[in-house]
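The values are calculated or read from the model by the stated rules, or taken from the named source; none is laboratory data. For clarity, every value in this text was computed on a predicted model and none was experimentally measured. A quick note on method: Cβ atoms are made from the backbone with ideal geometry, for glycine too, and the neighbour counts reach across all protein chains shown.
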2 protein chains.
Amino acid sequence: MNSEIKIFSPATVANVACGFDVLGFCLDTIGDYMTVRKVDDKGIRITNIKGFDLPFAPEKNVAGVAALSIYRQLAPNCGFDIEIDKRIKPGSGIGSSGASASGAVYAINKLLGEPLDKTQLIHHAMQGEALASKSLHADNLAPAIYGGFTLVKSINPLQILSLPTPKDLFATIIHPQIEIKTADSRAVLPKNIPLSDAIIQWANVGSLVHALHSSDYNLLQSSLNDVIIEPHRKQLIPHFDALKSNVLKTGALTCAISGSGPSVFALSKGENTAKLAQEAMQTTYANSGIDFETYVSKINVEGIKIVE
Amino acid sequence: MNSEIKIFSPATVANVACGFDVLGFCLDTIGDYMTVRKVDDKGIRITNIKGFDLPFAPEKNVAGVAALSIYRQLAPNCGFDIEIDKRIKPGSGIGSSGASASGAVYAINKLLGEPLDKTQLIHHAMQGEALASKSLHADNLAPAIYGGFTLVKSINPLQILSLPTPKDLFATIIHPQIEIKTADSRAVLPKNIPLSDAIIQWANVGSLVHALHSSDYNLLQSSLNDVIIEPHRKQLIPHFDALKSNVLKTGALTCAISGSGPSVFALSKGENTAKLAQEAMQTTYANSGIDFETYVSKINVEGIKIVE
């Protein structure tokens, strides 16, 4: 059994259009690298953090809390040193904390001979996520650990569905470098919604799942439509309407808020359209005075990967 | 080309648990028989109605209005005589008007060499349904015409998805012989619902579609759960809680309101469990003082069938 493992822990998109709070998918070209080493000294230590200024104390670090959770359950006769090469900016809306939390539990489970299944890993990773988001949720963790598209059917009991991923599907991301406070992104959400809107939304969720199973891109396009959350949250993202309008003109299937923003994602059939969507995003933001990053990525159907 | 056709037009279940307004399925052992004859005399005539006292004037009869709608579009150089052997009691909540409307358009389309596709047939059948329900809806028509499970993605434009049907799935129906006024079944529905409940419902709808695709009976069971409509509408159905509780004890996957009631359906894996569910329904209602009928049916994956 290896005593050291290096992994790529991917960024993920949650709240996928109609699937607020339940649907997510996994990215391929954006993610953190983590090296986890099995050592004689018991306990969890974070020994190195590159990229961003994050706490080293395990109980104050998302990866650390997740690692402590799995470590306490498995109680192995060893400890773990964790090095984090953080590439996903915290607060970007593409699962930065989810990557840290899921990466830590994935690596420790692997180094101990995989005693836990994927759902159990998500349970432990959720403890780390809760440090960042103050609530238990799995919609970024599930795609990171399962890969592809996932549906969080319920949190209690934890029930995750791994959905099929059509093979030509590509994502485009723009990350405007602004901060959206979690409190603000929650405050704009309505507590109650019209039943008539909810019916449209659940018809879309059902249709989206059918479209993923049948690789029906036209149906994906008409299902990836959010009538409930986006009208409220888009006000927090500068130039959202122009961004969406310009991206959809390229032939992209959808353009919607990633997680609770500020990142915005598009999904496209084929890499060419995904790159056109990227250009449309860049053009829209070029004169905005707001710094931004963009990415194009195939949907990552594996999730976390061992790189060494 | 035949100049006369006899069809079986099946009863259907709409508002399937979590899928209010969008999900339906088709029954096999309950349905109307209709004989439609192509004649030289132009126009639509209803020449015989057995079973229930319904209007003969085409424009006042659900089958007649649907027939007139397709007839006007296709404008053939002939007419049609329609005989209806009505077996599904109007107002039962298992698609009585849907069977009449879909049967009429199906038969006329067949006798004219099938110029229209299934979605177009539903468009015309909806005109007949509207006579009975005062609104355009397709959730009983879609399973009658497509068979199996269907999802009405949208009415305008009309978009119907045909979902896979796991092969061991059986339905049980109890029809308590009471009348629920459409106005009452609408009045009890909330205009607004909590976002948190809507999220549970769309997670269930997505999971149900995945369960149908993967023939996952455990997931069917945990997805066929309605947190939004049933709590309000169940008050209109005597002994609903006892009925549901007794049916679920048999191992049935779900027990929920069919359409807007008063019929209640169960879904089970295998005919044996479906028959146990039937016994549980009969026992629950035995001393209620309310007349009732019960049925067990395989899911009908064909929809309307030609019998002669």
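Starting from residues that are in contact with a Phe, Trp or Tyr (Cβ under 6 Å, 6 or more places away or on another chain) and surrounded by 22 or more Cβ atoms within 10 Å (Cβ to Cβ), keep the ones in the stretch B:227-277 and report whichever is farthest from B:Pro194 (Cα to Cα).
If we take residues in the stretch B:227-277 being in contact with a Phe, Trp or Tyr (Cβ under 6 Å, 6 or more places away or on another chain) and surrounded by 22 or more Cβ atoms within 10 Å (Cβ to Cβ), then B:Ala274 is farthest from B:Pro194 (Cα to Cα).
Taking the stated definitions as given, is A:Asp40 surrounded by 18 or more Cβ atoms within 10 Å (Cβ to Cβ) and either over 24 Å from A:Gly261 (Cβ atoms) or more than 14 Å from every other protein chain (Cβ to nearest Cβ) (or both)? Criteria not met by A:Asp40.
You will find that of A:Leu220, A:Leu169, A:Leu158, the residue that is at pLDDT 95 or above, more than 9 Å from every other protein chain (Cβ to nearest Cβ) and touching a Pro at 6+ places or on another chain (Cβ under 9 Å) is A:Leu220 and no other. Residues that are part of a loop (DSSP other than H, G, I, E, B) and within 12 Å of chain B (Cβ to nearest Cβ) were ranked within the stretch A:136-152; the one that is surrounded by the most Cβ atoms within 10 Å (Cβ to Cβ) is A:Ala138. When the stretch B:251-304 is filtered for residues that are of a type outside the set (D, E, K, R) and in contact with a His (Cβ under 9 Å, 6 or more places away or on another chain), the ones remaining, listed by number, are B:Ser258, B:Pro262, B:Ser263, B:Val264, B:Thr284, B:Tyr285, B:Ser288, B:Ile290, B:Phe292, B:Thr294, B:Tyr295. Residues that are over 22 Å from B:Ala14 (Cα atoms) and either at the interface with chain B (Cβ under 7 Å from one of its Cβ atoms) or outside any loop (DSSP other than H, G, I, E, B) (or both) within the stretch A:196-217 comprise A:Leu212, A:His213, A:Ser214, A:Tyr217, listed in sequence order. Inspection of the stretch A:92-104 finds no residue satisfying the criterion of being over 27 Å from A:His175 (Cα atoms) and not hydroxyl-bearing (Ser, Thr, Tyr). Could you check the stretch B:1-46 and list, in sequence order, the residues that are of a type in the set (S, T, N, Q), closer than 24 Å to B:Asp226 by Cβ and assigned to a strand (DSSP E or B)? Once the filter is applied, which keeps residues that are of a type in the set (S, T, N, Q), closer than 24 Å to B:Asp226 by Cβ and assigned to a strand (DSSP E or B), the stretch B:1-46 yields only B:Thr12. Among all positions in the stretch A:51-73, there is no residue which is surrounded by fewer than 24 Cβ atoms within 10 Å (Cβ to Cβ), in contact with an Asp or Glu (Cβ under 7 Å, 6 or more places away or on another chain) and assigned to a strand (DSSP E or B).
The sole residue among A:Ile174, A:Ile145, A:Ile94 that is in contact (Cβ under 8 Å) with a residue 60 or more places away in the chain and outside the structural domain of A:Phe52 (by TED's automatic domain parsing) is A:Ile174.
Quick grid of which residues meet (1) within 14 Å of chain B (Cβ to nearest Cβ); (2) part of a helix (DSSP H, G or I); (3) among the hydroxyl-bearing types (Ser, Thr, Tyr):
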{"residue": "A:Ala101", "(1), (2), (3)": "no, yes, no"}
{"residue": "A:Thr119", "(1), (2), (3)": "yes, yes, yes"}
{"residue": "A:Ala125", "(1), (2), (3)": "no, yes, no"}
{"residue": "A:Ser154", "(1), (2), (3)": "yes, no, yes"}
{"residue": "A:Thr165", "(1), (2), (3)": "yes, no, yes"}
